[in-house]
Amino acid sequence: MSQAHSQDLSAFTTFRLGGPAPQVIVANTRDELLDFCAAHPLELNGEDTAQVLFIGGGSNLLIADAGFDGPVCVVRTTGVETTETTTADTRVTAEAGEDWDSFVAHTLGLGLSGLEALSGIPGSVGATPIQNVGAYGTEVGELISSVEVFDRVAGQIRHLTAADLAFGYRTSALKRAQIAAGTPQFVVLSVTFDLQRSELSLPVRYAQLASALDVEIGTRVSAALVRDSVIALRRSKGMVLDGDDHDSWSAGSFFTNPIVDDPEILPAEAPRYPVTDPLSGAKIEGKTKTSAAWLIEHAGFSKGHSLGEGRATLSTKHTLALTNRGHASTADVIDLAATVVAGVEDAFGITLEPEPTFIGCSIDDGRRP
Ligand SMILES: Cc1cc2nc3c(=O)[nH]c(=O)nc-3n(C[C@H](O)[C@H](O)[C@H](O)COP(=O)(O)OP(=O)(O)OC[C@H]3O[C@@H](n4cnc5c(N)ncnc54)[C@H](O)[C@@H]3O)c2cc1C
């Protein structure tokens, strides 16, 4: 474990934003991570419980300019283990700190399919179950068989099944527990995936991906080809990390796609998608998902929209990403986010919800012009 020392957290986030923290340690091994967890138990409703911050790749975090006044653990544990379960399926377990996209490439290299549509997403393996990472028609929860966690309340390691994790759209039991306690109760140690032994992808579900591949929805094609197409599509939207591309100095999509009970409240032209159960794939009746990007655009915010001097802007390639053009502060990003939320509310009566985890700041801090 690295010696704890004060550090600027902007070095650990893809927004490249966040002020100082007095105690930052990097856990390179499982023992180091467990030692940190054991030293920082969590007592629910306990007044003395100090806040602790865990960081993986920092790609879904917006940290206050004032920083974080507590211990920070950067999770960098590594290791991947593969077990044949049946002739068709293989179980693969990765330590939390493994780089997600390298892990996806590794599984495809082993001839295992399932994760190909999730190619190019930044961050660590351990963070993927927390918000049930999803892209291009696949959510990670569909492929996860279990997650090994350290429960900071019970002070012990637990294995949570997919059912325990209760995945939903950009959420899980892990995220809900984190929101309830204001700090993670469950620290992800490793994630186990059930993958198919096949060179073919899962059936292509996303219209834009099907069109890029020139196939019908539902077709299975080479998983390697899906990976290449997804990365190319993502790059065209600034959705792969690239130090030279300020459109990727972001947390990816800043808002989740709203889910409404009454589709009548949506404008007639707004996109409508079914909401499905992540485990069974069955349509959930009475719920309709719409597109946050569509609402933002039709509320009058176009690509590249900025306030004032333009230190933070909407991505020039994708209205759903808020970006740091190099000299932004977290306050600049929050002002822009609050302005977009207010504009969409005024236009459509729908309140957009941010997707990243906010540390020491809130969208309510935003000043609206
Ligand atoms: C360019 C870009 C594109 C993106 N595209 C997508 C996309 O297509 N789909 C999508 O779903 N997301 C996307 N994201 C968001 C982000 O990449 C994912 O949410 C990713 O899984 C976050 O991983 P991370 O390791 O960076 O997590 P961090 O940002 O480090 O952490 C996120 C949250 O998880 C907690 N956490 C991290 N590690 C652990 C652990 N081991 N145990 C307990 N808690 C932990 C943190 O405390 C924090 O609350 C994108 C982000 C960027 C910058």
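Some notes on this structure:
- Each of 273, 206 has some number of other Cβ atoms within 10 Å of its Cβ, and from fewest to most they run 273, 206.
- Radius of gyration and Dmax over the Cα atoms of segment 239-358, both given in Å: 15.3, 48
- For the chain, built as a Gaussian network whose Cα springs stay under 10 Å, the top-fluctuating residue of 269, 355, 98: 269
- Annotation for residue 198 and residue 89: the two label points, set 7 Å from Cα along the Cα-Cβ direction, are 1.3 nm apart.
- Sorting 128, 29 by the number of Cβ atoms found within 10 Å of their own Cβ, with the fewest placed first, yields 29, 128.
- Three semi-axes of the equivalent ellipsoid, segment 95-134, Cα gyration tensor, whole Å, largest first: 16, 11, 8
- When the Cα convex hull of segment 5-75 is projected onto planes of every orientation, the mean area is 4.9 nm².
- Value of Rg/Rh across the chain [Cα atoms, Kirkwood radius]: 0.95
- Translational D in µm²/s for segment 24-132 (Stokes-Einstein at 10 °C, 1.306 mPa s, Kirkwood Rh from C-alpha pairs): 101
- Base-10 log of normalised Debye intensity for segment 195-281 (one unit scatterer per alpha-carbon) at q = 0.19, 0.26 Å⁻¹: -1.12, -1.18
- With the Kirkwood sum run over all distinct C-alpha pairs, segment 80-236 has a hydrodynamic radius of 15.9 Å.
- Residue 262 versus residue 219: modelled label distance in nm, points set 7 Å from Cα along the beta carbon direction: 4.2
- Restricting the calculation to Cα atoms, segment 266-309 shows an Rg/Rh of 1.18 when the hydrodynamic-style radius is the Kirkwood one.
- Going from the fewest other Cβ atoms within 10 Å to the most, the residues 294, 100 appear in the order 294, 100.
- Diffusion coefficient (Stokes-Einstein, Kirkwood radius over C-alpha pairs, 25 °C, 0.890 mPa s) for segment 149-255: 143 µm²/s, rounded to a whole number.
Bear in mind these aren't lab numbers, they're just calculated from the coordinates by the rules spelled out. Owing to the predicted nature of the structure, the values given are computational and were not obtained by experimental measurement. Note: ideal-geometry Cβ built from the backbone for every residue, glycine included; neighbour counts use all protein chains shown.
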